[in-house]
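The values are calculated or read from the model by the stated rules, or taken from the named source; none is laboratory data. Just so it is clear, the model here is predicted, and its values are computed rather than measured. Backbone-built Cβ (ideal geometry, glycine too); neighbour counts: all protein chains shown.
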Amino acid sequence: MALSHSQILKHCPSIQTLDGGNSLLTSVQPSRMSHECSDCGNTFETLTRHRLHDCPGSARDESDGTPAPDSDGRASADEESAAGNADLDDLLERAEHGQLDVLPEALAMYESALQSAHEESGDQYREVFWEYYEPLADAVDRYTRADGWTVLQEFVEAYHPQRNEELPFAIPVIENAVGRHIIRTRLTQPVRYIPEEALSFLRSVPLNAPEGADVAFEEAQTYGWGIGHPEHPTAEHIHAMGAEHRFWAKASLEQAFYADQHAAVELLERLVRDDPVDVSVSYVTGTAGGSRFFLDCVVGPDSDEYWPQIPRYWDWHDHDAFAFEWDPDVKERIRDLVRDTGIDEDLPADWTFQDLAV
């Protein structure tokens with residue numbers, strides 16, 4: 001069931017037309033994909049125009065799968081949700097069998113289902129969200145691996161936080177696929193091959209996400225893999241986020257250590273000593289200041305049993321190209337940092353990086 005312009009705006013008021021552009025995204029180039037509307041047959045060069053066009057063939061009735069209207073002419077919420085999920089199941093099954101061009105419609109339908117569920121109840125929203133999150137993320141990733149960055153680029157453009165009045169409900173799926181693409185690129189090629197648009201997209205999420213959008217915040221943590229990018233000052237941006245979004249900044253810095261421990265330790269030194277970020281974080285066992293808080297980011301890379309779970313549903317550390325081992329110089333710089341800030345005074349005499357956990 002294709003969604004018309006009016007249906008998308010009814011269920012997804014956060015999705016807005018992109019005509020007029022956005023100065024922050026002028027570097028985004030249109031992809032080479034085309035999208036045909038199954039209702040009116042028109043073809044559109046971009047996913048955004050396809051999703052938001054005024055479709056003359058959007059009027060639908062019971063005969064083509066639309067739920068029967070209730071007494072005031074509208075489909076009931078339960079009927080609409082059940083029918084929409086059945087259609088989404090069908091699209092995902094088609095994608096599973098290689099028909100990946102149905103994914104733009106599937107994501108729009110997912111967005112619509114989430115909007116409707118959000119208006120009904122939190123439990124219903126969570127049920128819809130988690131039921132389709134993994135299969136959609138996997139499908140978008142397969143689509144990207146099959147046809148390249150231009151596929152994902154168009155999703156990034158259509159769901160970009162800076163081009164929507166509200167954060168799109170489906171954006172974690174896009175973030176997940178973007179994160180996988182960034183990590184996969186970084187593991188096999190120099191950092192300059194990561195699309196700058198991908199990093200800008202992930203950075204924009206915590207800048208625009210409302211309080212409580214935890215999954216969206218978390219999926220953006222793969223931003224750290226862009227550290228050292230020649231066209232995107234990833235380290236500068238993480239440092240700038242350190243005060244207001246300290247948990248996101250620390251998690252992104254942790255991911256950066258897996259990408260480039262030398263660049264990451266320079267950022268860590270800056271955060272805790274050279275240009276420190278003044279934060280105070282309360283825990284059950286006490287309070288941690290900025291220096292103590294950010295040093296926690298080395299605990300994960302120092303362990304062979306723990307790996308960041310972002311992007312979800314993808315064990316990136318099992319990739320053949322991945323291997324992590326501390327450079328002795330980096331380890332010594334971290335130990336110097338602990339001593340210079342006086343944190344070692346509260347640690348055991350034979351302390352290890354695991355003792356830096358907060």
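Here are the numbers for this structure:
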{"quantity": "Qualifying residue in region 319-326 (condition: part of a loop (DSSP other than H, G, I, E, B), among the acidic types (Asp, Glu) and farther than 30 Å from Arg142 by Cβ)", "calculated": "yes"}
{"quantity": "Pick from region 214-259, criterion at pLDDT 95 or above and outside any helix (DSSP H, G or I), ranking: nearest to Tyr306 (Cα to Cα)", "calculated": "Ile227"}
{"quantity": "Unique residue being under 19 Å from Gly224 (Cα atoms), free of Cβ contacts under 8 Å to residues at least 60 places away in the same chain and β-branched (Val, Ile, Thr) when the list is Val338, Val298, Val272", "calculated": "Val298"}
{"quantity": "Where a residue in region 230-241 is of a type in the set (Asp, Glu) and its partner, wherever it lies, is modelled with pLDDT of 95 or more, with Cβ under 7 Å and at least six apart", "calculated": "Glu231/Glu196"}
{"quantity": "Residues within region 132-156 that are charged (D, E, K, R) and surrounded by 22 or more Cβ atoms within 10 Å (Cβ to Cβ), tallied", "calculated": "2"}
{"quantity": "Residues of region 274-307 satisfying the condition of being modelled with pLDDT under 80, loosely packed, with under 11 Cβ neighbours inside 10 Å and of a type outside the set (A, V, I, L, M)", "calculated": "Asp278, Ser282, Tyr283, Thr285, Gly286"}
{"quantity": "Leading residue by the ranking (modelled with the lowest pLDDT) among those in region 308-334 that are on the phi < 0 side of the Ramachandran plot and in contact with an Asp or Glu (Cβ under 8 Å, 6 or more places away or on another chain)", "calculated": "Pro308"}
{"quantity": "Top-ranked residue of region 178-190 - restricted to ones that are touching a residue at least 60 places away in the same chain (Cβ under 8 Å) and in contact with a helix residue (DSSP H, G or I) (Cβ under 9 Å, 6 or more places away or on another chain), ranked as farthest from Trp149 (Cα to Cα)", "calculated": "Leu187"}
{"quantity": "Test set (1) part of a helix (DSSP H, G or I); (2) touching a Ser or Thr at 6+ places or on another chain (Cβ under 9 Å) - Phe169 fails condition number", "calculated": "(1)"}
{"quantity": "Hits in region 213-237 (condition: within 16 Å of Leu167 (Cβ to Cβ) and aliphatic (A, V, I, L, M))", "calculated": "Ala213, Val215, Ala216, Ala220"}
{"quantity": "Test: residue in region 159-180 that is more than 19 Å from the chain's Cα centre (by Cα) and either closer than 20 Å to Pro311 by Cα or surrounded by fewer than 21 Cβ atoms within 10 Å (Cβ to Cβ) (or both)", "calculated": "no"}
{"quantity": "Matching residues, region 84-99, being touching a helix residue (DSSP H, G or I) at 6+ places or on another chain (Cβ under 9 Å) and hydrophobic (A, V, I, L, M, F, W, C)", "calculated": "Leu88, Leu91, Leu92, Ala95"}
{"quantity": "Top-ranked residue of region 187-230 - restricted to ones that are farther than 22 Å from Ala321 by Cα and β-branched (Val, Ile, Thr), ranked as surrounded by the most Cβ atoms within 10 Å (Cβ to Cβ)", "calculated": "Val205"}
